[in-house]
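Since the structure comes first, as structure tokens, the remarks are kept for the end.
The values are calculated or read from the model by the stated rules, or taken from the named source; none is laboratory data. Just so it is clear, the model here is predicted, and its values are computed rather than measured. Positions of Cβ are generated from backbone atoms using ideal geometry, with glycine treated the same way; all protein chains shown enter the neighbour counts. We work out accessible area using only protein heavy atoms, side chains counted, and drop any ligands, DNA or RNA first. Shrake-Rupley method; radii C 1.70, N 1.55, O 1.52, S 1.80 Å.
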Amino acid sequence: MPNKRSKRNKIHKYYCDICHDRLWRLGSTKYHLFYRNAAEIKQNTGISAKKARLLAVHKSTYLDINRWIEAFCCSNHGMVWLLVSRTDEGKIEYRQATAEDWLQTNHTIDPRMSNPSVSEFSQRMSRTPRYRY
């Protein structure tokens, strides 16, 4: 069947929650989420309580490979950080990343917080979208 396309390499389109324009993937690092105890594992992954307790006992942290935070670019709003989730059926769901989501990553710094040693002008210019003509 030469004309069959693989469902594995399907391109997913992402849209901005505010202006509904298409978002473009920046190729940035994926910050996967970690969970520390059985209650967090059960709540966020949807596995049974027994398996969650077993994972919590054997590992100090559980890495969720189906949820991550990634940077996207909006033509109106510049860089946007989204929490991307892959469901069991293979569908991709996304929403804007919150401060609580950043706390569940591997102790990364929330990029929405500004660095006090950087000037306001440099901070503002780094957040504006760039166009190439």
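Annotations for the structure displayed:
- Quarter of the Cα convex hull surface for the stretch 12-130, i.e. its orientation-mean projected area (nm²): 8.8
- One Cα centroid belongs to the stretch 56-108, the other to the stretch 23-55; the line between them spans 9 Å.
- Percent carbon-and-sulfur accessible area, the stretch 22-74, ignoring ligands, DNA and RNA, probe 1.4 Å: 55
- The listed peptides 22-28, 119-125, ordered by packing as a protection proxy, come out as 22-28, 119-125 (highest mean of other Cβ atoms within 10 Å first).
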